[in-house]
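Colleague: Please see the structure below; I have some questions.
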């Protein structure tokens, strides 16, 4: 099944971490879908990916903007993969509606990013972990260390 990584944010924010992870995915030649919990978060991430660095940006679009098949990164609130992405980022508590859905198996990776300082988000991530594991996905848990680096937990 699909490699599924849970990133427990404790020191940095989603806005600090997501652009780097998306950039690394694009460097691998992967397309990405970012699933959010709301249109407001989608708008905020749309702005972030254009402005996070004065020297560069991450080319992307929101679902419904232009031809999705041409987008290296697509931001959406839906369960969709219209740009044939290899990686799905789930943020803000968003997750696949069905962990057994065949489309997830076609992905190289699912990345769940959650704020460990938010108890509701932490509980939602625990539920997602169980659902992903029960559906047969290869789940791993990564926690932010004191230095800000992610370390795989056993």
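Just so you know, all these numbers are worked out from the coordinates, no wet-lab data involved. Being a predicted model, the structure only gives us computed values, none of them experimental. All Cβ positions, even for glycine, are placed from backbone atoms using ideal geometry, and neighbour counts span all protein chains on display.
Colleague: With contacts defined as alpha carbon pairs under 8 Å and 6 or more residues apart, what's the relative contact order of the range 3-153 in percent?
Modeller: Value for the range 3-153: 35 percent.
Colleague: Starting from the Cα-Cα distance between residue 56 and residue 40, subtract it from 0.36 nm times their residue separation and give me the gain in nm to one decimal.
Modeller: Between residue 56 and residue 40, full extension yields 3.4 nm more.
Colleague: Over the Cα atoms of the range 3-153, how large are the radius of gyration and the largest Cα-Cα distance (Dmax), in Å?
Modeller: Expressed in Å, the Cα Rg and Dmax of the range 3-153 come to 14.5, 43.
Colleague: Would you please put 67-74, 102-109 in order of how densely packed they are, using the mean number of other Cβ atoms within 10 angstrom per residue and starting with the highest?
Modeller: 67-74, 102-109
Colleague: Once every DSSP H run of n ≥ 4 in the chain is given -39500 (n - 2.57) and the sum is divided by its residues, what mean residue ellipticity at 222 nm do you get, rounded to the nearest 500 deg cm²/dmol?
Modeller: Rounded to the nearest 500, the figure is -9500 deg cm²/dmol.
Colleague: Which FRET efficiency value, to the nearest 0.05, do you get for residue 24 and residue 102 by plugging their Cβ-Cβ distance into 1/(1 + (r/R0)^6) with R0 = 30 Å?
Modeller: So the FRET efficiency works out to roughly 0.70.
Colleague: Go ahead and run the numbers for FRET between residue 122 and residue 78, Cβ-Cβ distance against an R0 of 25 Å, rounding to 0.05.
Modeller: Once the sixth-power term is evaluated, E becomes 0.50.
Colleague: FRET efficiency for residue 69 and residue 153, Cβ-Cβ distance as r, R0 = 25 Å, nearest 0.05?
Modeller: That gives a FRET efficiency of 0.10.
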